[in-house]
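Enquirer: Here you go, one structure.
The values are calculated or read from the model by the stated rules, or taken from the named source; none is laboratory data. Because the structure is predicted, anything quoted here is derived from the model rather than measured. Positions of Cβ are backbone-derived with ideal geometry, glycine not excepted, and every protein chain shown enters the neighbour counts. Please note that ligands, DNA and RNA were not included when accessible areas were found on the heavy atoms of the full protein model with its side chains. Shrake-Rupley method; radii C 1.70, N 1.55, O 1.52, S 1.80 Å.
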Amino acid sequence: MNDTITKQFEKRLEDLERSIGHIADKKLPSDILKLAEDILSDKKYYHLQDGLWHKYLDLTRRSKFLKGLKDREERYRWAETVFQAIKCSHYSLLKLLEQRLSLHPEKPLFVTYDGEAKNEYTYRWVDSRLKKIATAFLYVTDYKPNVAIYSENSIDSACCDLACLTYDIKVSPLHSHFGYEVLEYLFNKLNFNIIVTDTEKRLDILKELREKTGLNFEIFYTGGATVPNDEGIIYLEQILSLISHQDTPGVLSKREKFKLDDISTVMFTSGSTGMPKGVMFTNYNLISKRFARAAALSDVGDNEVLLSFLPLFHTFGRYLEMMGTIFWGGTYVFAGKNDIDSLLQQMKIVQPTGFVSIPLRWKQIYDKYQEELSKGITKKSKSQLFREIVGNNLRWGLSAAGYLEPKVFKLMNANGVTLCSGFGMTEATGGISMTPPGEYVKDSVGIPLPGIKYRFSEEGELQIAGHYVARYLDANDTGEKKEHWLHTGDLFKEDENGYFYIIDRVKDIYKNIKGQTIAPAFIEKKFDDIPGLKKAFLVGDMKPYNTLLIVPDFEESFIQKAITQNRLKDYFSSLVARVNLSLSPYERILKFTILKRNFEESRSELTAKGTFKRKVIETNFHAEMEELYN
């Protein structure tokens, strides 16, 4: 190889820059990819000027370029070049933001609504505010800030988070419902010296924490009104008003800059099974994930508007929605209230292009469509009706963190919304797998995202490694550079096309009295989408045979009729017999009972995602289960 290739690379990038609105040369994207691969394969030419790699990262992350690559295989190859380019050019989140700011300074980055009154905050405005916030954090802690954000989603909480992420300040977003005990545990563990909060209730918890423990930390308050007894509180808006644009360069230039592999942020699990578990992320984890997701969503990126209700202490809310918006150069709209009625109203006002959500919200959108369709009084087409509900611009979506019925995917995809399913974890900086756009496969969570390595244990547990697979806070660091493999705790199967299917949680599988292994979720899923049946819960751990707890849909007219005719048990007997035909003999259900109520989150029987808490259910329905084995 000689310098000719480097010059060709630079020339082709210039061609791309001139034609980014419309790439007439169909070979251009593939040519650029091949040149990048050639350069990166030769260590002598690996370290080009940082600016050239930064240009490559900016120009090729755009949808027009990615759609110009031949196929998925080329897009995944592109991702691998990007991972190397990030490392060799020391590409940072600050550089990413500066590129977007240079491209469209007056474009709205954040949008809020007061009723129908719209408030826009441009990339230029946000950039200025981040600099002031970072300056304030650095100044009050003598250049050693360690920040926690204990707040609901807002402009202030998002800007405080971004100020830390872009200006090399350690930061941890905390669940807004964490109480005193959890906060005390986390503060002792991570030694926060700044905490940002937003309400008097949370402020009172923090004051009590500071008074009782003697912990030394500054409280930055973002609430609008001055609160009583405000000793020792720094009002964010007040301190920012004292900082001029001339002050920020001097303070920011003195900060200690993170390396790509330095830990920049810690996120926490919800703590539903004990104290929250911390996950440590490097800048490289965060940046590499954004490019990996772009390779998997090549159609996304043109004038994106995301209606975002997931909180910033949620991995998808922080990384996919907020940081994804910045990566794509789009607009992030704060959803405010996240009940379904408010959300549907906002969809009409905001007209989003993309929507990332838990399955419940997608199901509620589906139900609203069916409800309107059933009225049968409209002269509008089905397509018009659908668009009145979700808006005219919605073209893509992602459903993650739980099971969503195939009929919802079919409706969305049939009406021009490319809805993908996926599987992710906080530990993987969000997504691990996703169904390729337009290639939905029933019950699958898709194929691995670019940058993910995977393997299966003997029992089928998915284990992953890769560029954005993070480590736990308490992980023992021996200093060895061994590849980090994360145990997901989930059993999977992979089909001949590389699509993943979740079978069960490792902790939920059990053995019957003969030692035969049974995955309850695999069997329970066979009862999904059955008319008249809301929930089915399998029982059989260390038992001689499997039994089933059934929750009927008592609102169904034919279920009500079956009850009056005393034929309800006959109906469910036929369903169980049909499912048994698809099961191995030791998996089959020999008895069942019909419950009088559904499983409830308020009784701790379900997680926030709607999945079973098996031990709690087994305790609460102990009497019903005992009868099945008498």
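Enquirer: List the trypsin sites (Lys or Arg not before Pro) within region 427-509 that fall in a DSSP loop (any state other than H, G, I, E or B) and whose Cβ has at most 14 other Cβ atoms within 10 Å.
Expert: Lys442, Lys481, Lys482
Enquirer: Tell me the net charge near Ile589. Cut-off is 13 Å between Cβ atoms, Ile589 excluded, with +1 for each Lys or Arg and -1 for each Asp or Glu.
Expert: +3
Enquirer: Ok, one more. Label Glu10 and Asp71 with points 7 Å out from Cα along Cα→Cβ: what is the distance between them in nm?
Expert: 3.5 nm
Enquirer: While we're looking at this one, here's another question. Mind ranking 349-359, 592-602, 294-304 by how tightly packed they are, going by the mean number of other C-beta atoms within 10 angstrom, highest first?
Expert: 349-359, 294-304, 592-602
Enquirer: Let me ask you something else. Could you work out the relative contact order of region 344-403, using alpha carbon pairs under 8 angstrom and six or more residues apart, expressed as a whole percent?
Expert: Here the relative contact order equals 63 percent.
Enquirer: Relative to the longest principal axis of the chain, what angle (0 to 90°, nearest 10) does the C-alpha long axis of helix 155-166 take?
Expert: For helix 155-166, the angle is close to 60 degrees.
Enquirer: Additional query: Just order 232-245, 51-64 by mean Cβ neighbour count inside 10 Å, highest at the front, would you? List each step's numbers first, then the result.
Expert: On the way: 232-245: 13.8, 51-64: 19.4.
Result, highest mean Cβ count within 10 Å first: 51-64, 232-245.
Enquirer: Follow-up question, since we're still on this one. By the scheme Lys and Arg +1, Asp and Glu -1, what is the net charge of all other residues having a beta-carbon under 11 Å from that of Tyr545?
Expert: Details: positive: Lys514, Lys543, Arg588, Lys591; negative: Glu587.
So the environment of Tyr545 carries a net charge of +3.
Enquirer: Right, here's the next one. How large is Rg/Rh for region 522-572, to two decimals, with Cα atoms and a Kirkwood Rh?
Expert: Working: Rg = 12.5 Å, Rh = 12.0 Å.
Across region 522-572, the Cα-based Rg/Rh ratio is 1.04.
Enquirer: Residue separation times 0.36 nm, minus the C-alpha to C-alpha distance between Asn338 and Ser582: what's the value?
Expert: Extending this stretch completely gives an extra 83.8 nm.
Enquirer: Something else: Give me the dipole magnitude in Debye, nearest 20, for the chain about the Cα centre, with unit charges on the beta carbon: positive for Lys and Arg, negative for Asp and Glu.
Expert: 1280 debye
Enquirer: Mind pulling the angle between the C-alpha long axis of helix 93-103 and the longest principal axis of the chain? Nearest 10 degrees, somewhere in 0 to 90.
Expert: Tilt relative to the chain: about 70 degrees.
Enquirer: Hey, what did region 490-529 get for relative contact order, percent, Cα under 8 Å, at least 6 apart?
Expert: 28 percent
Enquirer: For q = 0.13, 0.21 Å⁻¹, what log10 I(q)/I(0) does region 529-630 give under the Debye formula with an equal point scatterer on each alpha carbon and no solvent?
Expert: Listed by q, the Debye log ratios stand at -0.49, -1.23.
Enquirer: Starting from the 7 Å offset along Cα-to-Cβ, what nm value, one decimal, do you get for the label separation of Lys410 and Ser573?
Expert: 3.1 nm
Enquirer: Under a 5 Å amide H to amide H cut-off, with H placed in plane at 1.01 Å, what residues pair with Val196 once short-range neighbours are removed?
Expert: So Val196 has HN proximity to Ala148, Ile149, Tyr150, Phe220.
Enquirer: What number comes out for accessible area per residue over the chain if the probe is 1.4 Å? Units Å², please.
Expert: I get 46 Å² per residue for this part.
Enquirer: For a 18 Å ceiling on Cα separation, which of these pairs sit above it: Lys337/Lys535; Lys453/Lys482; Lys363/Lys493; Lys7/Lys34? Display every interim value, and only then the final one.
Expert: Working: Lys337/Lys535 29 Å; Lys453/Lys482 14 Å; Lys363/Lys493 25 Å; Lys7/Lys34 14 Å.
Over 18 Å apart, Cα to Cα: Lys337/Lys535; Lys363/Lys493.
Enquirer: Along the charge dipole of the chain, which of Ile133, Ala577, Tyr501 sits closest to the positive end, that is, farthest toward it, with unit charges on the beta carbon of Lys, Arg, Asp and Glu (+1, +1, -1, -1)?
Expert: Checked the options; the winner is Ala577.
Enquirer: Kindly express, to the nearest 10 degrees and within the range 0 to 90, the angle between helix 283-296's C-alpha long axis and the longest C-alpha principal axis of the chain.
Expert: Rounded to the nearest ten degrees, it is 60.
Enquirer: A further question on this structure: Just the accessible area for Glu120, please: 1.4 Å probe, Å², rounded to the nearest 10?
Expert: 100 Å²
Enquirer: Round to a whole angstrom and tell me the spacing of the C-alpha centers of region 562-630 and region 147-201.
Expert: 42 Å
Enquirer: Let me have the relative contact order for the chain, percent, based on Cα pairs under 8 Å that are six or more residues apart.
Expert: Result for the chain is 9 percent.
Enquirer: Still on this model: First measure r as the distance between the Cβ atoms of Glu494 and Lys26, then evaluate 1/(1 + (r/R0)^6) with R0 = 22 Å and state the FRET efficiency to the nearest 0.05.
Expert: Plugging the Cβ-Cβ distance into 1/(1 + (r/R0)^6) gives 0.05.
Enquirer: Here's another thing I want to ask about it. Express in whole angstrom the spacing between the alpha-carbon centres of region 1-42 and region 90-146.
Expert: When both Cα centres are located, 32 Å separates them.
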